[in-house]
Amino acid sequence: MTNMFGKLPKLLAENKASLGAWVTIGNPEVPEMLSLLGFDWLLFDVEHAPLDFQVLEYMLMGVRGETTPLVRVPFNDPVYVKRVLDLGFAGVLFPLISRAEDAKLAVASTRYPPKGVRGVGPRRAAGYGLKTAEYFDRAGSVLVIVQIESQEAVKNIEGILSVDGVDAFFIGPNDLSFSYGCRSWKEEVVRKAIERVVDVSRSLGVPGGMYCADDESLEFALRMGLKLIALGSDYRFLVAGAGSRLEKARSLVGSSP
């Protein structure tokens, strides 16, 4: 097994931007290819993608080098959290964090007693028993990333980011936009909400991130000083690359004698 924590913790500690991608296709070749390309981190999406725990384990085995594997659980529930952490993920993205109490539960789910409520049985994360002591020494370093995607979360952002153990936050631009009755983060009310979250995060010293589906959102996130930059997802990369290649080929076919 490679270093499960990878390069992301160091990049966050040094306040440097990191580039990642969403993984949704249930095949270990996908994270293997993306990690070989050099992404700093990969986020395995169990909230929206059709990934079960067995497939997730196979996919995690495909991660290479110093790429940090993260996972988004379906819900802020300790049952989901202990299962993904026992597979060997370095951090968890918790969806729908709207209050400080939600953030406290998220942190507790990743920590062993007496600091938390995580059940003891790390299995693959501990090298199948070959590195148990080493894993227990490092388990408290599992990254806790809270997803900010509602008006309530923006309202309670100081309390959420002040919770001990929250390592970073992540803007969910689509859900946040819908929460305000909008369809895009570009609309003023949503953009101002994001700016408020970022301002609070700066004052508290908590790094943040955002899903950036295009160059405009990428440039916005970088201007805001966000550090966890998601450049897209596997299926979007596939569609964009294949679509561009097909369009080019059709133009050549159409222009041929």
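Here are a few things to note about the model shown:
- Considering only 181, 91, 243, the mean-square fluctuation computed in a Gaussian network model of the chain, springs between alpha carbons under 10 angstrom, is largest for 243.
- Calculated mean residue ellipticity, 222 nm, the chain: -13000 deg cm²/dmol, from DSSP H runs (n ≥ 4) at -39500 (n - 2.57) each, averaged per residue and rounded to 500.
- Fully extending the segment from residue 101 to residue 17, taken as 0.36 nm per residue of separation minus the present Cα-Cα distance, adds 27.4 nm.
- Taken along the Cα-to-beta-carbon direction at a fixed 7 Å, the label points for residue 240 and residue 204 span 3.1 nm.
- Across the stretch 138-146, coupling constants 3J(HN,Hα) worked out from phi with the 6.51/-1.76/1.60 Karplus curve, θ = phi - 60°, read 9, 4, x, 9, 4, 6, 10, 10, 9 Hz, and Gly and Pro carry x.
- Between residue 77 and residue 152, the contour length at 0.36 nm per residue exceeds the alpha carbon distance by 25.1 nm.
- Mean Kyte hydropathy of 0.0 or more with a Cα span along the axis of at least 30 Å, helices from DSSP in the chain: none
- FRET efficiency estimate (nearest 0.05) - Cβ-Cβ, residue 133 to residue 37, R0 35 angstrom: 0.55
- Selected from 215, 167, 86 as most flexible by GNM, with the chain as the system and alpha-carbon contacts under 10 Å: 215
- Counting only lysines at least 8 places from residue 227 when in the same chain, those with an alpha carbon closer than 18 Å to its own are 7, 10, 16.
- Within the listed set 226, 11, 60, the Gaussian network model of the chain (springs between alpha-carbon atoms below 10 Å) gives the highest mean-square fluctuation for 11.
- Restriction of the chymotrypsin sites (Phe, Trp or Tyr not before Pro) in the stretch 63-115 to DSSP coil positions whose beta-carbon has at most 14 other beta-carbons within 10 angstrom yields 75.
- Sequence-separation-based contact order of the stretch 8-255, relative, with Cα cut under 8 Å and 6+ spacing, percent: 17 percent
- Residues with amide H under 5 Å from that of residue 170, placed H, sequence gap 5 or more: 146, 147, 148, 209
- A Cβ-based charge dipole, computed about the Cα centre of the chain with Lys and Arg at +1 and Asp and Glu at -1, lands at about 320 debye.
- Euclidean distance of C-alpha centroids, the stretch 101-126 and the stretch 167-228, integer Å: 28 Å
No lab work stands behind these numbers, since they all come straight from the coordinates. From a predicted model like this one, the values you see are computed outputs, not experimental measurements. With ideal geometry, Cβ positions are generated from the backbone for all residues, glycine too; neighbour counts draw on all protein chains shown.
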